[in-house]
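Quick notes on the structure that follows.
The values are calculated or read from the model by the stated rules, or taken from the named source; none is laboratory data. Because the structure is a prediction, the values reported are computed rather than measured. So basically every Cβ, Gly included, is an ideal-geometry build from the backbone, and we count neighbours across all protein chains shown. SASA here: full protein model, heavy atoms, side chains in, ligands and nucleic acids out. Shrake-Rupley method; radii C 1.70, N 1.55, O 1.52, S 1.80 Å.
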Amino acid sequence: MENTPIGVFDSGVGGLSVLRALRHELPGESFIYFADQAHVPYGPRPLEQVCAFSEAITRYLLGQGAGLIVVACNTASAAALHRLREIFPQTPFVGMEPAVKPAAEHTRSGRVGVLATPATFQGALYASVVERFANGVQLFQNTCPGLVAQIEAGEIESPRTREILDHALGPMLAEGIDTVVLGCTHYPFVIPLIEQITGPGVRVIDPAPAIARQARRLLEGKRDLEADAPGEAAKRTQMITTGAAERLAEVAKKLTGIEANVKGAKWGVDLACQSPSV
Ligand code: DGL
């Protein structure tokens, strides 16, 4: 996998919060970021359908030469990570799971809020994370309806976005949470708003830096990670969307400052999906 690009995918712009951390951790690497904006949001969809999308996107990224795949989406990880590892046994994958473990280790009140999509909460991955790591800590969950759409639109500080977050966080804060887990990769873009609502006594956990370190661990020993100067990654990020290319370029720049070449891909033309329900 020497010099192969790292493939990163999400339903939309959420995985850019992970891409940002990856570029910081691995400045000499090149990246192909895939946003399935024809299908965003994934959260309310059946897990089997998200699994079929994830398989097709992985095939596409491997076809583009990717040597490592980062599933920068909690929903796709919940739906497909296990299956992807089975179908593509030669490919290393990094996936997401809600950061219940560090939250349970650090909470003092023993009460933790978890924000994620409905599909993530339904998946076996979340149940297993809770079983293994919650350790008696009380979890308060919310699916933040409408929040992914706001972030897709680049609306990270509008009154509507604030209203959605007030609604999600208010009841948890009333229960005495001191930690919030961001179990959807879209949500780190509204951390400033979340912190305004929670105040300074609540810790907000963005898993992106830990995911980037995990990607580095997988690559270490397999390629020379220090070969290129920091900043080089900026020139080496290609973005692909199944939605509108100019729009992704615009929102990506607004959310992360990343300016990348964006091209379009079409379902049924560039990618084939096995799901009968698409
Ligand atoms: N960013 C995604 C996640 O981490 C998906 C959000 C969505 O499409 O509903 O779950």
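Considering (1) within 16 Å of the ligand (Cβ to nearest atom); (2) open to solvent by 10 Å² or more (accessible area, probe 1.4 Å); (3) more than 20 Å from residue 270 (Cα to Cα), say which one residue 39 fails and leave the rest.
Evaluating residue 39 over (1) within 16 Å of the ligand (Cβ to nearest atom); (2) open to solvent by 10 Å² or more (accessible area, probe 1.4 Å); (3) more than 20 Å from residue 270 (Cα to Cα) leaves (3) as the failure.
Only one of 72, 66 is buried (at least 22 other Cβ atoms within 10 Å of the Cβ), small (Gly, Ala, Ser) and within 16 Å of the ligand (Cβ to nearest atom). Can you tell me which?
72
I need the full set of residues from the range 117-141 which are small (Gly, Ala, Ser) and touching a helix residue (DSSP H, G or I) at 6+ places or on another chain (Cβ under 6 Å), in order please.
Those that are small (Gly, Ala, Ser) and touching a helix residue (DSSP H, G or I) at 6+ places or on another chain (Cβ under 6 Å): 119, 123, 134.
Conditions: (1) open to solvent by 10 Å² or more (accessible area, probe 1.4 Å); (2) more than 24 Å from residue 180 (Cα to Cα); (3) within 16 Å of the ligand (Cβ to nearest atom); (4) not acidic (Asp, Glu). Residue 89 meets all but one. Number of the miss?
Among (1) open to solvent by 10 Å² or more (accessible area, probe 1.4 Å); (2) more than 24 Å from residue 180 (Cα to Cα); (3) within 16 Å of the ligand (Cβ to nearest atom); (4) not acidic (Asp, Glu), residue 89 violates only (3).
So if I check each of 30, 11, which one is surrounded by 20 or more Cβ atoms within 10 Å (Cβ to Cβ) and polar (S, T, N, Q)?
11
Please verify whether residue 59 is more than 10 Å from the ligand (Cβ to nearest atom), touching a residue at least 40 places away in the same chain (Cβ under 8 Å) and among the charged types (D, E, K, R), treating the condition exactly as stated.
yes
Got a sec? Which strands (runs of 3 or more DSSP E) wholly within the range 104-211 have at least 2 residues that are within 14 Å of the ligand (Cβ to nearest atom) and open to solvent by less than 50 Å² (accessible area, probe 1.4 Å)?
111-115, 179-182
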